[in-house]
Amino acid sequence: MMSDNKTSTFPSDFLWGAASAAYQVEGGHDADGKGPSIWDVFSHQPGTTHEGTNGDIAADHYHRFKEDVALMAEAGLQSYRFSISWPRLLPEGRGTANAAGIQFYSDLIDELLKYGIKPMITLYHWDLPQALQDIGGWESRETVDAFEQYARLCYEKFGDRVELWSTFNETLIFIGMGYFTGAHPPGLRNPKRGIQACHHVFIAHAKAVKAFRDYQAENRIPAGGQIGFVNVMQPHDPITDSPADIAACKMADDLLTHWLYDPVLKGEYPAHILNMAQLTWGVPEFAPEDEDLLKENICDFIGVNYYKREWIAANPDVDNTQINTTGEKGSGKEFGFKGLFKFVRNPESTYTDWDWEIYPEGLCVGMMRLKDRYGDIPFYITENGLGAKDPIVDGEIVDDPRIDYLSGHIDAAASAIEQGINVRGYYPWSFIDLLSWLNGYQKQYGFVYIDRDNDLARKRKKSFYWYQGVISSNGAIR
Ligand code: BGP
C-alpha cells in the first residue's frame, strides 16, 4: 500500500488538513461563562459512556490551543477543521453572547492564519445548548430560529477571516443515535420524533445557508467562501446477490444515505421514503415555507466522513421489493425502519478492534456513487481515520496500523481524482488524541499523543512525521 511515486495526482490547491470537534478536544466545559451542552449533561449521567468518561477536560485545547496550532504548523497542515461550541458563544443558546467565547475562537482563527492554516468551521458538531434541549431541542422550531441567530453571530464575528464553513456534522449519527437507538442525547427511541427533529435540522441548515448568501452578497465573507454540509459516507453492499439482499441494500441506501443527502443536495426527500414516513408516522410535518427553503438553499460542497462500509442482508420477514417502489407496503410501524434490513459481518473482511471494516476502496466507491446521484459536486473528505489503542514502545508511539490505514485511503482519494471526482481536501480524524464520544480516551485517532498521566503533555507519534511527508510531497509520498 505504501507508495513513493514522485508525481502527485493531487491538485496544487488541494488542502491537507485534520479535523476535530469542540466537545471532544476543548475541555474548559464551564470556563469563562460557557453554558452546558447536552453532552455535558448526558455524559455525567451514570452508564452513558465508557467508564463515565466525559469532555470536561478533554485535550484542554481551550487553554493550550497555541501549543496545538504550533504543532499543526510543524506538521505542515494547510487547513484545520474544528467546530464551534454553540453554548460557549451563546450560553442559553440564544440571546446574549458570551464575549470570552467569541474571543477564544477569534484568537484560534488568528493563530491558525498566522501560520497560513485555513480554518474550516463546523457550526454544529452535536453539542446543543442544554437550554435549547429544555424547550424541545431539535423537535422545536424555536431551536431552528436560534440556530439561524447563532450562525449569523458566527458569520458576523469570524466571517471576515474564514472561507470554509459547514453547518452540520452527521445527521445519521446525532439523529440516529439521539432518537432511534438512544445511545446519544437526548437518548430517545422514537422514530416519529426523530424524523421531525431531523427535518428541523434540514430547515435550520437551509436558513443558515440563506444567511450565508446574505453575508456573501455584502462581501462580508472572503471571496471564494463556501458553505457545505458534512455527512457520514457509508457505502452499503448486499452480502449476497439474492434479490432479497439487493432490495434490502437499496432500502439501506435510501434510508441511511439518500434521506440525509437529498435534502441538502436536491432540496427534497426521496419521494417513496417520504411517503413511507408520512403514512407510517405522519411526519415530517412541513411548515408552508419549508419546501422553498430546501429547494432554494443548496449548499456549495459536501463533506464526507468515511470510516467504513456496511454489509447488508435482508430481514426474512420484510419484502423490500414492494416498499422500494411506492413506500406503501409494510414499512416502519411493523419494523421500526431498522428492521427493514440487517447489518451483517463479512467473515472475509478485515475489521478494527471496534469492528469497523477496513475498506479503503470504499472511499472512492462512495464518492463515485454520490456523483452518480448528485452530479459533479465538490467533495471534502472531512473525516477519515483509524481508532486504535496505540502501542508505546520504548517511550515512542509507533502507530504503523494508522499509517497503513491512512495511506490506503489516500490511495483511494487519488484514484477518485483520477476518475474525475472533484476532491478538494483531506482531513484525517484527528490531529491530536481526543475524546471518543462513547469510548472515552482509549480509542485514539491522533497524530499527537496526549499523556493523560503527565499533565496532558503532547507527544508526536510516528504518524505525525509520516503525515508531514505526505503533505510536503502533496500526497506523492504516502
Ligand atoms: C464521527 C464523528 C467524530 C468522531 C468519529 C470517530 O462520527 O463525527 O466526532 O467521533 O466519528 O468516532 P468514534 O469516536 O466513535 O470512534
Can you tell me the FRET efficiency between Asp451 and Ala31 if r is taken as the Cβ-Cβ distance and R0 is 35 Å, rounded to the nearest 0.05?
0.95
Do the sum for the chain: with -39,500 (n - 2.57) for every DSSP H run of n ≥ 4, divided by all residues, what is the mean residue ellipticity at 222 nm, to the nearest 500 deg cm²/dmol?
-12000 deg cm²/dmol
Ile135-His272 FRET efficiency (beta carbon distance; Förster radius 30 Å; 0.05 resolution):
0.35
Rounded, prolate or oblate (a/c below 1.5 giving rounded, otherwise prolate when a/b exceeds b/c) for the chain by Cα gyration tensor:
rounded
In nanometres, the difference between 0.36 nm per residue of separation and the alpha-carbon distance of Ser349 and Lys66 is 97.7 nm
If I require 30 Å or longer along the helix axis, counting alpha carbons, and a Kyte-Doolittle average no lower than -0.5, what helices from the chain are left? Use full DSSP H segments.
191-217
With both bridge residues required to lie in the chain, what share of the DSSP beta bridges run antiparallel, to the nearest 5%?
30
Compare the Cα positions of Leu112, Leu71, His272 along the charge dipole of the chain (+1 at Cβ of Lys, Arg; -1 at Cβ of Asp, Glu; about the Cα centre) and return the one farthest towards the positive end.
Leu112
Which residues among the range 189-221 fall inside the zone where the amide N is under 17 Å from a point 7 Å beyond the Cα of Leu438, along Cα→Cβ?
189-191
The range 210-261: C-alpha gyration tensor shape, a/c 1.5 cut-off, then a/b vs b/c:
prolate
Quick shape check on the range 335-439: root eigenvalues a ≥ b ≥ c of the Cα gyration tensor, a/c under 1.5 is rounded, otherwise prolate if a/b tops b/c, else oblate, and it reads oblate
Positive dipole terminus of the chain, leading residue within Trp259, Gln133, Ala313 (C-beta point charges)
Trp259
Once you place label points 7 Å from the Cα toward the Cβ at Asn190 and Glu156, how far apart are they in nm?
3.3
Just to confirm my numbers, what's the Cα centroid distance between the range 85-100 and the range 398-443 in Å?
32
Suppose the chain between Asn422 and Arg220 were pulled fully straight at 0.36 nm per residue; how much longer would it get relative to their current alpha carbon spacing?
70.0 nm
Label points 7 Å out from Cα along the Cβ direction at Val398 and Glu92: separation in nm?
5.7
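Just so you know, all these numbers are worked out from the coordinates, no wet-lab data involved. For clarity, every value in this text was computed on a predicted model and none was experimentally measured. When we count neighbours, we look across all protein chains shown, and the Cβ atoms used for this are built from the backbone with ideal geometry, even at glycine.
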